[in-house]
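The structure under discussion appears below in the form of structure tokens.
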Amino acid sequence: MLKHKSYTVEEAKKKLENYCAYQERCHQDVRQKLQSMHMIPEAIDQTMGHLIKHNYLNEERFSKAYVRGKLRQKYWGKNRLTLELKKRDVSKHNIKSALDEINEQEYNDIFEKLVEKRINQLKEPNKLKRKKKLVDYLLYRGWESFLVYNKVNELIP
């Protein structure tokens, strides 16, 4: 039989305070962490309440940091950002407020940079296949289809 360490509520609070202080977390991540620590539901709720009350856990702050980070690091578009936040059970209100924080100029600059980088990587001689590869790549990254198709038709007529 496997023996797993059991935690008191106070130990769990300390451990999760450090976990949340290290980087922004969503409620789902913290709940999963507590479950992996084999905490009972009452202790999970108590710990979550403590973390929220002491501002270690803030879903709005998480969603804004997540959107900023993934946009600037992974060059994800709004569709992908929305999808990933929904997977983490972030509320529609928090998703909308995080997406509203995106600077349109920065968003367009990142899109242009990504298109430029990708088009230089494509070695496909067939124009239609090159177009399809570029479109698929950009849509997978979550960029809006109207942006993608306008740009691709402009670059590969």
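Given the conditions (1) surrounded by fewer than 18 Cβ atoms within 10 Å (Cβ to Cβ); (2) in contact (Cβ under 8 Å) with a residue 40 or more places away in the chain; (3) in contact with a helix residue (DSSP H, G or I) (Cβ under 9 Å, 6 or more places away or on another chain), which single one is not true for Cys26? Here Cys26 clears every test but (1). One residue is enough: does the range 49-57 have a residue meeting the conditions in a helix (DSSP H, G or I) and either in contact (Cβ under 8 Å) with a residue 24 or more places away in the chain or over 26 Å from the mean Cα position of the chain (by Cα) (or both)? Yes: one or more hits.
Checking Arg68, Arg31, Arg25, Arg61 one by one, the residue that is of a type in the set (D, E, K, R) and within 29 Å of Asp136 (Cβ to Cβ) is Arg68 and no other.
Within the option set Glu124, Glu17, being more than 30 Å from Tyr7 (Cα to Cα) and not polar (S, T, N, Q) holds for one residue only, Glu124.
Set side by side, the residues Asn103, Asn79 differ, and just one is in contact (Cβ under 8 Å) with a residue 40 or more places away in the chain and of a type in the set (S, T, N, Q), which is Asn79. A search for C-beta distances below 9 Å between a residue of the range 114-127 that is more than 22 Å from Arg72 (Cα to Cα) and any residue that is loosely packed, with under 10 Cβ neighbours inside 10 Å, counting only pairs 6+ apart in sequence or on different chains, returns Lys127/Pro157. Look through Leu85, Leu147, Leu138 and report the one residue that is under 25 Å from Lys64 (Cβ atoms), surrounded by 12 or more Cβ atoms within 10 Å (Cβ to Cβ) and free of Cβ contacts under 8 Å to residues at least 60 places away in the same chain. Just a single option satisfies the conditions, and that option is Leu85.
Residue check: Gln73 meets all listed conditions (1) assigned by TED's automatic domain parsing to the domain that holds Tyr137; (2) over 19 Å from Leu147 (Cβ atoms) but one, namely (1).
The set of residues in the range 1-42 that are among the polar types (S, T, N, Q) and in a helix (DSSP H, G or I) comprises Asn18, Gln28, Gln32, Gln35, Ser36. Entry remark, the range 29-49: residues being buried (at least 17 other Cβ atoms within 10 Å of the Cβ) and either in the same structural domain as Asp89 (by TED's automatic domain parsing) or among the polar types (S, T, N, Q) (or both) number 1 in total.
The values are calculated or read from the model by the stated rules, or taken from the named source; none is laboratory data. All of these numbers come straight from a predicted model, not from anything done at the bench. Counting neighbours? That spans all protein chains shown, and the Cβs are built from the backbone with ideal geometry, glycine included.
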